[in-house]
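The values are calculated or read from the model by the stated rules, or taken from the named source; none is laboratory data. Computed from a predicted structure; not experimentally measured. Please note: Cβ atoms are built from the backbone with ideal geometry, for glycine as well, and neighbour counts cover all protein chains shown. Heavy atoms of the whole protein, side chains included, go into the accessibility calculation; ligands, DNA and RNA do not. Shrake-Rupley method; radii C 1.70, N 1.55, O 1.52, S 1.80 Å.
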Amino acid sequence: MSTQKISEDIRDDVSADVIIVGAGVSGTSTLLRLLEEQRTGTTGTDRLRVAVIDRSDDMFTGLPYGSRAGSASLIVTSLDEFLPDGIRQDFIAWLEARKERILAADASLGISPHWAEEHAEEIRGGQWDSLFIPRRLFGHFLRGRVEDILASTSDVEVIRITGEAGALRRTGTAARADGDSDGDVEILVAAPGGRVEDGSPDGPVSSASDGTDGAPGGITRVRGRSVVLAVGSPPTRVLGHDPADAGSGRFLDDTHVHGMDHLLQEARAAIRAMPEGASRDILVVGANADALELLHAAVRAGLERAWDHHVTVLATHGIPDAWTVHPDRRSEYRSRHLADYAARTPDADLTARAVFDAVVRDVDDAMASGFCEQDTVDELKELCSQLFERLPAPEQKLYVDVYGTKVGRFARPTGGDYQRTASELLESGRVHAERGHFEHAENSAAGWRVTTSTEEGISTLERTFGVIINCAGFENVAETRDGFLRSLQDESGLRSSTSRTGFEVDEHFQAAPGVFVAGPLLAGNLNSALRVWHLESCRRILAMADTIGAEIAAHLRATELEPV
């Protein structure tokens, strides 16, 4: 297990005031807020000790913004929508200071030279707000921000632990100023690529390799007064398919584990290795941001030149209209059905389902009238926000659990470079669309035969595919295969939210006493402090970190870490 401390050496077992599990945007923004709380003296701690655990040594960038992001991967909104104002201005200043290096696509930045060439005029003119920035640039900025603050701070100690968080336990009883007893929190961490065996509250533990990148190693026990679960989204959803040795087809099952550049290399190698007579067509399952990123990165890497005739995108609802470039008519669009429902319906009679149905009718009518889906977003989002405030409490809960995500399908943040790439691929015929839900893939000597379903029933796609790439989205928390997330529910008593997309928390962001949740795992919560049905927006995650940091500081003031 790799451990590194910012200041002095540590023991194998670690004690800290706060444990942060996950060093991506959620965990890093929470850490930054805690550093500010310590600076202003609100933690009640003379010297704040924070342990940060992550499976990757690419700390304080996160999977989407670190080395595992592709060199051509971009943020999914323009910069002016990506970050809250304060940190956005700091990021722009950071970009300006590195303008020449960015224009030259300096190798240390790890960005695509194509992006710098295409946007040279905007970069030179400082027009950052309108750009869809390479993700790795934000990762460099975020990590540098942490390092700069720590370098100028003497009363904070940060311990970095690279490994697999495997289980959460309670130890002892922590003394609280209000007389209550919660117990300290202990996170069991295995070596990278390993796992914690038997994470039951009182049982013995050991570590084992999962057969991937690591070997068995010891368990590090990380103990603290509070823990922040900032591990991001669960793993990619499993798609049913035959084993690889059953035929010639290759199944690329996760765009996130090793990163986009590695995935493209695998896809290129798989295409070249197809035997004589086998299909060289590619099926991309899903039409989300991952699929857009994949297609854009493939074009930038020149991979599409190796595609033999057909790349098919399979999506449950078909290819989103937002994948196609249209004239911007947002200022002209006015809602008919949702606006009428809002004006005519008494508050007591409003329902979440009716709000969703009105949105669907509005979008259908708009597209039939020459508007595009994106033209409706601003108007419908504002009306939905107003209607949510008026919904009766049970209907608000239903909106959070079910319909908020369904409405969000019509407000996907698509534009800029990704949209132009997708639009060109669709228009040129290099990418084709199939509507349907993936059911199963059967492997044969000719490649994959794929079964799908729609409202009309089950069918098999006409084409056979040499390579299938899974961009189907994430598992839900309640049914995840992830060992740590499973342990938190099965052994530590945390409950998934009713929508099954996150953990249920109280108004203090706690899933259990001293166990805080940050980032995407807050999805599906409705209480006096939270109304979240989906949380992937970097802007919202950063804004919430301020509140979470203040809640953790309050918890620290009320507890003392027991001596080992």
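Just checking, which of V313, V299 is surrounded by 24 or more Cβ atoms within 10 Å (Cβ to Cβ) and either in a strand (DSSP E or B) or modelled with pLDDT under 90 (or both)?
Result of the check over V313, V299: V313.
Given the criterion open to solvent by 20 Å² or more (accessible area, probe 1.4 Å) and free of Cβ contacts under 8 Å to residues at least 24 places away in the same chain, identify the matching residue among D347, D261, D321, D340.
D340
Does the range 235-243 contain at least one residue that is out of contact with any Pro (no Cβ under 6 Å at 6 or more places or on another chain) and either surrounded by 22 or more Cβ atoms within 10 Å (Cβ to Cβ) or at pLDDT below 85 (or both)?
no
Six or more apart or on different chains, Cβ under 9 Å: which pairs go from a residue in the range 490-502 that's touching a residue at least 12 places away in the same chain (Cβ under 8 Å) and acidic (D, E) to one that's part of a loop (DSSP other than H, G, I, E, B) and open to solvent by 60 Å² or more (accessible area, probe 1.4 Å)? Could you list them?
Sorted first by the residue in the range 490-502, then by its partner, the pairs are E491/P201.
Given the structure, is A352 open to solvent by less than 40 Å² (accessible area, probe 1.4 Å), under 30 Å from F503 (Cα atoms) and of a type in the set (G, A, S)?
For A352, the condition - open to solvent by less than 40 Å² (accessible area, probe 1.4 Å), under 30 Å from F503 (Cα atoms) and of a type in the set (G, A, S) - is met.
Condition (residue is in contact with a helix residue (DSSP H, G or I) (Cβ under 7 Å, 6 or more places away or on another chain) and more than 30 Å from Q265 (Cβ to Cβ)) applied to the range 58-79: is it met by at least one residue?
There is no residue in the range 58-79 that is in contact with a helix residue (DSSP H, G or I) (Cβ under 7 Å, 6 or more places away or on another chain) and more than 30 Å from Q265 (Cβ to Cβ).
Within the range 121-136, work out how many residues are assigned to a helix (DSSP H, G or I) and either in contact with a helix residue (DSSP H, G or I) (Cβ under 7 Å, 6 or more places away or on another chain) or farther than 13 Å from S71 by Cβ (or both).
The total comes to 8.
Applying the selection to the range 464-477, what residues are under 30 Å from T501 (Cα atoms) and part of a strand (DSSP E or B)?
Hits for the range 464-477 are V467, I468, I469, N470, F474.
Please go through the range 80-120 and give me each residue that is of a type in the set (A, V, I, L, M, F, W, C), outside any helix (DSSP H, G or I) and open to solvent by less than 30 Å² (accessible area, probe 1.4 Å), ordered by number.
L83, A105, I111
Going by what's in this entry, would K381 be described as among the basic types (K, R), in contact with a strand residue (DSSP E or B) (Cβ under 8 Å, 6 or more places away or on another chain), open to solvent by 20 Å² or more (accessible area, probe 1.4 Å) and under 30 Å from G22 (Cβ atoms)?
The answer is no for K381.
Could you check, for the range 553-560, whether at least one of its residues is closer than 30 Å to F251 by Cα and either crowded, with 19+ Cβ neighbours inside 10 Å or out of contact with any helix residue (DSSP H, G or I) (no Cβ under 7 Å at 6 or more places or on another chain) (or both)?
Within the range 553-560, not a single residue is closer than 30 Å to F251 by Cα and either crowded, with 19+ Cβ neighbours inside 10 Å or out of contact with any helix residue (DSSP H, G or I) (no Cβ under 7 Å at 6 or more places or on another chain) (or both).
Pull up the range 534-549, narrow it to residues that are assigned to a loop (DSSP other than H, G, I, E, B) and open to solvent by 70 Å² or more (accessible area, probe 1.4 Å), then point me to the one that is nearest to A393 (Cα to Cα).
H534
Determine, yes or no, whether E491 is more than 30 Å from F91 (Cβ to Cβ) and of a type in the set (D, E).
Yes: the conditions hold for E491.
Does D375 satisfy the condition of being surrounded by fewer than 18 Cβ atoms within 10 Å (Cβ to Cβ), in contact with a helix residue (DSSP H, G or I) (Cβ under 9 Å, 6 or more places away or on another chain) and assigned to a helix (DSSP H, G or I)?
no
Please verify whether I468 is within 24 Å of L31 (Cα to Cα) and buried (at least 22 other Cβ atoms within 10 Å of the Cβ), treating the condition exactly as stated.
So I468 fails the test.
Counting residues that are free of Cβ contacts under 8 Å to residues at least 40 places away in the same chain and surrounded by fewer than 15 Cβ atoms within 10 Å (Cβ to Cβ), which strands (runs of 3 or more DSSP E) fully inside the range 415-463 reach at least 2?
Qualifying strands (runs of 3 or more DSSP E): 447-454, 457-460.
Considering the range 161-181 alone, what residues qualify as being at pLDDT below 50 and polar (S, T, N, Q)?
Residue satisfying the conditions is S181 alone.
If I ask for residues that are assigned to a loop (DSSP other than H, G, I, E, B) and more than 13 Å from G549 (Cβ to Cβ), which ones from the range 26-52 would you list?
G41, G44, T45, D46, R47
Check off (1) over 20 Å from C538 (Cβ atoms); (2) touching a helix residue (DSSP H, G or I) at 6+ places or on another chain (Cβ under 6 Å); (3) modelled with pLDDT of 95 or more for L95 and give me the number that stays unchecked.
Of everything listed in (1) over 20 Å from C538 (Cβ atoms); (2) touching a helix residue (DSSP H, G or I) at 6+ places or on another chain (Cβ under 6 Å); (3) modelled with pLDDT of 95 or more, L95 misses just condition (1).
Within the range 232-263, can you find the residues that are more than 22 Å from H310 (Cβ to Cβ) and in a helix (DSSP H, G or I)?
Once the filter is applied, which keeps residues that are more than 22 Å from H310 (Cβ to Cβ) and in a helix (DSSP H, G or I), the range 232-263 yields D245, A246, D261, H262.
Tell me which of these E266 doesn't satisfy, since it passes every other one: (1) modelled with pLDDT of 85 or more; (2) more than 19 Å from E475 (Cα to Cα); (3) open to solvent by 30 Å² or more (accessible area, probe 1.4 Å); (4) part of a loop (DSSP other than H, G, I, E, B).
(4)
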